[in-house]
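*Asks:* Supplied in structure tokens, the structure appears directly below.
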Amino acid sequence: MEHPRNPFILGHRIERPYFCDREEEEKRLASAVINGRNVVLLSPRRMGKTSLINVTVRNSPIIQEKYQTFFLDILQSNTLSEFTYLLGRTVFSTLAERSRKSLKGFLAALKSLKGTFGFDPLSGTPTFNIQLGDIQHPEYTLDEIFTYLEQNDRPVMLIIDEFQQITKYPEKNTEAILRSYMQRLSNATFIFAGSEFSILQEMFVSSKRPFYNSSELMHLGAISEEVYIAFATGLFEQRGRQLEEAGIRRAYELFEGNTFYLQRTMNGAFADTPEGKICDEEVVMRSVRSMLAANEVIYREMLSKISISQKSLLIAVAKEKRVTSPTSGNFIKRHSLASASSVQSALRNLIKGGIITKDIDGYTLTDSLFRIFINHLYSAPEL
Ligand SMILES: Nc1ncnc2c1ncn2[C@@H]1O[C@H](COP(=O)(O)OP(=O)(O)OP(=O)(O)O)[C@@H](O)[C@H]1O
Ligand SMILES: [Mg+2]
């Protein structure tokens, strides 16, 4: 790998030594899927799910040699047709990298879409020029895709990122449909990933739901503070710079160990530390402030779009950082909120909009930088 200018890399394909920790998680994930156990990988936003899956798949010789992996991200999808479209496109582009023969086999299997494929006039290779609207009967097309996967010469590993999205499709039976296809595939293992804890938990743990008991739940927490500090300090030292502990500890606390924000903060702090110099707390905080400045317009816009009762609740949650019972009399009184019922409905909307997240430890702002921004504006600044 090329020696990067800044060792705090932001992206999905980070190789060690620039990838921090997660060795245990990597082992556990690889072992589960190699042994035929499906996994649901849960974590708050930007904690490192996608990166962990990528690292695991790339570093496991067994997965590389024995499996055919398909990586599907359905975050932007809103209907079963779109899901089908994305799955078809993913299978197509993955096969295109492998062999023309399997590509042709796949296209031949998609009978419901016959005639909608094109061929590159120069190379003669098939091109996936299907439009969303071409998928008139997603169930037929899905059936064809899964039938093809069933006959694949290697076992299939299907990774579906942001899986909670399927619960938002208008088709009521999406879960049941997908679950039945999944059960039909005898040669496939699934990794589902997502950040909407309560939705996914309910989907896989409630006995009334089709995915009940189908997969092992794996929780991805924050990288431990000491491990991340050692990682960052090491990277500074390798480049002839010194990192003082105080700054990075503060960043860890501010972002509650969120991997993306830590990496982004340290990327800025590194860029701001000349060789031979020390990166102290002020340099790290300058990096956090510059992230705040870069997001200010978006955050102001977000605040302008929500109702006054949502805003009051948001300010209250931001101030306390984490709240266990936001409808309690105490909390309502402390923050002069209107009533339990209005808090309840504001809370529902904020969760729906992805602004507040509920997890096992209570309610928090999904985006901790947004929390810092709000506290800066309305309460005691955290910086
Ligand atoms: N172990 C790690 N070491 C260094 N950087 C990491 C590590 N894990 C994740 N990152 C970085 O953190 C950021 C977030 O990671 P990633 O996108 O994998 O998280 P995610 O949980 O999938 O997020 P989302 O909720 O947005 O899907 C990325 O920029 C990635 O480069
Ligand atoms: Mg992700």
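*Asks:* About its Cα centre, what dipole magnitude does segment 262-365 give when the only charges are +1 on Lys and Arg Cβ and -1 on Asp and Glu Cβ, stated in debye to the nearest 20?
*Replies:* Details: 15 positive and 10 negative charges, 128 e Å.
My answer is approximately 620 debye.
*Asks:* Further question: Per DSSP H run of n ≥ 4, the term is -39500 (n - 2.57); total these for the chain, divide by its residue number, and report the mean residue ellipticity at 222 nm rounded to 500 deg cm²/dmol.
*Replies:* Roughly -16000 deg cm²/dmol at 222 nm, from the helical runs in the chain.
*Asks:* For the Cα atoms of the chain, what angle does the longest principal axis make with the long axis of helix 245-254, in degrees from 0 to 90, nearest 10?
*Replies:* Between helix and principal axis, roughly 70 degrees.
*Asks:* Quote to one decimal, in nm, the extra length available between Lys305 and Ser379 on full extension: 0.36 nm per residue of separation minus the C-alpha distance between them.
*Replies:* Here the segment from Lys305 to Ser379 would lengthen by 24.6 nm.
*Asks:* What number, in percent, do you get for the relative contact order of segment 23-219 if the mean sequence gap of Cα pairs under 8 Å and at least 6 apart is divided by its residue count? Don't skip to the end; give the middle numbers.
*Replies:* Details: 280 pairs, mean separation 65.7, N = 197.
Relative contact order for segment 23-219 comes out at 33 percent.
*Asks:* In whole Hz, what ³J(HN,Hα) sequence does segment 78-86 give by Karplus (6.51, -1.76, 1.60; θ = phi - 60°), x for Gly and Pro?
*Replies:* In residue order, the calculated couplings are 10, 9, 5, 4, 5, 4, 4, 4, 5 Hz.
*Asks:* Using only Cα atoms, what is the ratio of the radius of gyration of segment 23-219 to 2.2 N^0.38 Å?
*Replies:* 1.02
*Asks:* Which GluC sites (Glu not before Pro) from segment 275-305 combine a DSSP loop assignment with at most 10 other Cβ atoms within 10 Å? Write down the numbers at each step before the final one.
*Replies:* Values: sites: Glu275, Glu281, Glu282, Glu296, Glu301; in loops: Glu275.
Here the sparse-neighbourhood loop sites are Glu275.
*Asks:* For segment 306-378, what ratio Rg/Rh do Cα atoms give with a Kirkwood hydrodynamic radius?
*Replies:* Details: Rg = 10.9 Å, Rh = 11.9 Å.
Result for segment 306-378 is an Rg/Rh of 0.91.
*Asks:* Let me ask another. Quick one: helix 100-109 against the long Cα principal axis of the chain, what's the angle to the nearest 10°, folded into 0 to 90?
*Replies:* On a 0 to 90 degree scale, this one is about 80.
*Asks:* I want the antiparallel fraction of DSSP beta bridges within the chain, as a percent rounded to 5.
*Replies:* The antiparallel fraction comes to roughly 25 percent.
*Asks:* What FRET efficiency do you get for Gln344 and Ile62 if R0 is 51 Å and r is their Cβ-Cβ distance, rounded to the nearest 0.05?
*Replies:* Details: r = 49 Å, r/R0 = 0.96.
It comes out at approximately 0.55.
*Asks:* Roughly what would the spin-label model give for Leu132 and Glu296, points 7 Å off Cα along C-beta, in nm?
*Replies:* It works out to 3.5 nm between the two label points.
*Asks:* Right, here's the next one. Would you please give the FRET efficiency between Ser207 and Arg98, computed as 1/(1 + (r/R0)^6) with r the Cβ-Cβ distance and R0 = 35 Å, to the nearest 0.05?
*Replies:* Between Ser207 and Arg98 the formula returns 0.35.
*Asks:* Could I ask something else about it? Report, in listed order, any pair from Lys49/Lys352; Lys66/Lys168; Lys27/Lys358; Lys319/Lys358; Lys111/Lys168 with a Cα-Cα distance greater than 23 Å.
*Replies:* Exceeds cut-off: Lys66/Lys168; Lys27/Lys358; Lys111/Lys168.
*Asks:* Determine the relative contact order of the chain: mean sequence separation of Cα pairs under 8 Å and six or more apart, normalised by residue count, in whole percent.
*Replies:* 18
*Asks:* Follow-up. Towards the positive end of the charge dipole of the chain, with charges on Cβ (+1 Lys, Arg; -1 Asp, Glu), say which of Gly276, Gly362, Ser304 has the farthest Cα.
*Replies:* Toward the positive end, the furthest listed residue is Ser304.
*Asks:* A further question follows. Please sort 21-27, 334-340 by packing, taking for each peptide the average over its residues of neighbouring beta carbons within 10 angstrom, highest first.
*Replies:* Values: 21-27: 15.1, 334-340: 13.3.
Highest to lowest by the protection proxy: 21-27, 334-340.
*Asks:* GNM on the chain, C-alpha springs below 10 Å: top fluctuator among Gly221, Gly362, Gly268?
*Replies:* Gly362
*Asks:* Give me the net charge for the shell around Glu65: Cβ to Cβ below 15 angstrom, other residues only, Lys and Arg +1, Asp and Glu -1.
*Replies:* +3
*Asks:* Sticking with this structure for a sec: By how many nm would the segment from Glu225 to Asn187 lengthen if fully extended, with 0.36 nm per residue of separation less the alpha-carbon distance?
*Replies:* Length gained, Glu225 through Asn187: 9.7 nm.
*Asks:* May I ask for the angle, rounded to the nearest 10°, between helix 174-184 and the longest principal axis of the chain, with both axes built from Cα atoms and the value confined to 0 to 90°?
*Replies:* Result, in degrees: 50.
*Asks:* Mind putting a number on the dipole of the chain about its Cα centre? Charges go on the C-beta only, +1 for Lys and Arg and -1 for Asp and Glu, and I need it in Debye to the nearest 20.
*Replies:* 780
*Asks:* Right, here's the next one. Based on alpha-carbon atoms only, what is the radius of gyration of segment 126-281 relative to the globular estimate 2.2 N^0.38 Å?
*Replies:* My calculation over the Cα atoms of segment 126-281 gives 1.52.
*Asks:* Using r as the Cβ-Cβ distance of Asn330 and Asp272, and R0 as 45 Å, what FRET efficiency do you calculate, to the nearest 0.05?
*Replies:* Numbers: r = 43 Å, r/R0 = 0.95.
Efficiency for this residue pair is about 0.55.
*Asks:* Ratio to report: Rg/Rh of the chain, with Cα atoms as the point set and Rh obtained by the Kirkwood method; give two decimals.
*Replies:* Details: Rg = 23.4 Å, Rh = 23.3 Å.
Over the Cα atoms of the chain, Rg/Rh equals 1.01.
Here, each number is a calculation from the coordinates, and none is a lab measurement. Predicted model only: the values in this text are computed from it and were never measured. Positions of Cβ are generated from backbone atoms using ideal geometry, with glycine treated the same way; all protein chains shown enter the neighbour counts.
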